[in-house]
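Structure record follows, encoded as structure tokens.
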Amino acid sequence: AQQSKVITLHEAIQMALDSNLSVRSSAYSVEREKALKGTAWDFDKTEVTMEYGQMNSYTKDNSYSVSQSFAFPTVYLNQSKLANAKIKESELQLQGTQLETATNVKQVYWQLAYLHAKEKLLRYQDSLFAGFLKAAELKTKVGETNRLEMITARSQSMEVQNQLRQTTADISICHRKLQALLNTDIVFTPADTILRRMAYMPDTTRVAIAQNPLLNYSQQQVKVAQVEQKLEVSRMLPDLSIGYSSQTMQGTQDVNGIPKVFGSGDRFNAIQVGISVPVLFTGHTSRNKAAKIHVNKARTDAESYTKELLQSYRSLLDEYAKQTGSVKYYEEQAVPEADLIIAQSTREYKAGAMEYLDYILSLDRALKIRQNYLDAVNSYNQTIITIEFLTGKTF
């Protein structure tokens, strides 16, 4: 069997943030967007042309030209803004992935603590019923009781052993889930071996969910869509171009009425400046219209997600209040009474004042109360973990 190591919740979350593959993938997305920022100032390829031959006369001349096309400067400014907006978007997405991973670690961590507590209670039950079974079998052999007592004891013992096997399997499954989240082959066991209530102070204001990176991510998508729309509008502006050319014109040329002979070393230079104006706007108009629709969609999605998140948060606060009342009931009344039932029933059974079957029923009822308490604490903790997810709390 693989030896396990103890780990605290904070250590588990930090390890997941450092090693989890989903987090690592989101981090690469941020690096990619940062690397793409330079493409905001990406210009068209510079065109260089050369000519040689009888261009001006029978004599062979040569010429070369260099030209460069540019979009209107506003296009590059908007592309730069879009690159920055996408970097911010990817950073928020990374934070959202980190939050989701941390939340999953919390859920598995406290589920393991719950299962270990459940296993401990079942082992206690198993030891009780195993002892009763042995005593019942002995009584049956000597004729002090009927077979019903022995069959009942055996049934109770086998039922507990079955639950214990299932719980052990559930613990193994949770260990594998935790390994996957931490991206490790090491089996980690929670340092919290005793199931306890997580500390939490409820915040009923709307501001509580403002720190959720996934909420900010949906709002950032609106900003990205708005910049994309501005970019589409700026692309309807004229394109610019500038060029330079140089050529020879060998032979006799008239310069201010005076004939002058030019050779291969004499060059004639010129500068070209151009502007490209869109005449047909069909494509630009369609893209601009689509960009406006995309802005409205992103805004609607963000508003919908905000309302959904707020509604879920308020519902979870109600669930938290319900779970708090349930846990308090078990801690202040049910569990102490269950312990009292176990102690009192055991004394009466040993004193012969209680029949075996009555004793088993009392014991079973008290142990179910203790199991229900563990279930209540686990539900309470899982509710708080979900609330912390909605409020953007990683640790």
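The values are calculated or read from the model by the stated rules, or taken from the named source; none is laboratory data. In this text the structure is predicted, and so the values were computed from the model without any measurement. Heads up, the Cβs are rebuilt from the backbone with ideal geometry, glycines too, and the neighbour counts pull from every protein chain shown. These accessible areas exclude ligands, DNA and RNA; they are computed on the full protein's heavy atoms, side chains included. Shrake-Rupley method; radii C 1.70, N 1.55, O 1.52, S 1.80 Å.
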| said: I want to verify a result. In a Gaussian network model of the chain, Cα cutoff 10 Å, which of these has the top mean-square fluctuation: E119, E159, E319? | reply: E159
| request: With everything on Cα atoms, drop me the angle between helix 335-350 and the longest principal axis of the chain, reported from 0 to 90° to the nearest 10. | output: 30
| Roughly how many debye, to the nearest 20, is the charge dipole of the range 177-314 about its Cα centre, given +1 on each Lys and Arg Cβ, -1 on each Asp and Glu Cβ, and no other charges? | 540
| task | Would you mind calculating the relative contact order of the range 227-283 from Cα pairs under 8 angstrom and at least 6 residues apart, reporting the percent as a whole number? | result | 41
| field | Length-normalised contact order for the chain - Cα pairs under 8 Å, 6+ apart - percent | value | 24
| said: Counting only protein heavy atoms and a 1.4 Å probe, tell me what percentage of the range 244-288's accessible area is made up of carbon and sulfur. | reply: 58
| field | Reachable aspartates and glutamates, given that their alpha-carbon falls under 14 Å from the alpha-carbon of K34 and they are not under 8 places away in the same chain | value | E89, E91
| Estimated 222 nm signal from helices in the chain, with DSSP H stretches of n ≥ 4 weighted -39500 (n - 2.57), rounded to 500 | -23000 deg cm²/dmol
| note | Partner lysines whose C-alpha sits under 23 Å from that of K350, ignoring same-chain residues fewer than 8 away, are K134, K139, K141, K368
| said: Whole angstrom only: what separates the Cα centroid of the range 190-228 from the Cα centroid of the range 321-369? | reply: 41
| request: Take the chain, connect every pair of alpha-carbon atoms lying under 10 Å apart with a spring to form a Gaussian network, then pick out the residue of S63, S234, S19 with the largest mean-square fluctuation. | output: S63
| request: Springs between alpha-carbon atoms under 10 Å, Gaussian network over the chain: tell me which of I360, I242, I271 tops the mean-square fluctuations. | output: I271
| query | How much accessible area does R154 have with a 1.4 Å probe, in Å² rounded to the nearest 10? | reply | 90
| query | Taking the Cα atoms only, what angle lies between the long axis of helix 213-234 and the longest principal axis of the chain, rounded to 10 degrees? | reply | 20
| Under 16 Å from the Cα of K292, which lysines turn up, not counting those fewer than eight places away in the same chain? | K223, K230
| message | Per residue, how large is the accessible surface of the range 199-303? Use a 1.4 angstrom probe and give square angstrom. | response | 65
| request: Please give the helix 9-19 orientation as an angle from the longest Cα principal axis of the chain, in degrees from 0 to 90, rounded to the nearest 10. | output: 30
| query | So what is the relative contact order of the range 297-395, in percent, for Cα pairs below 8 Å that sit 6 or more residues apart? | reply | 39
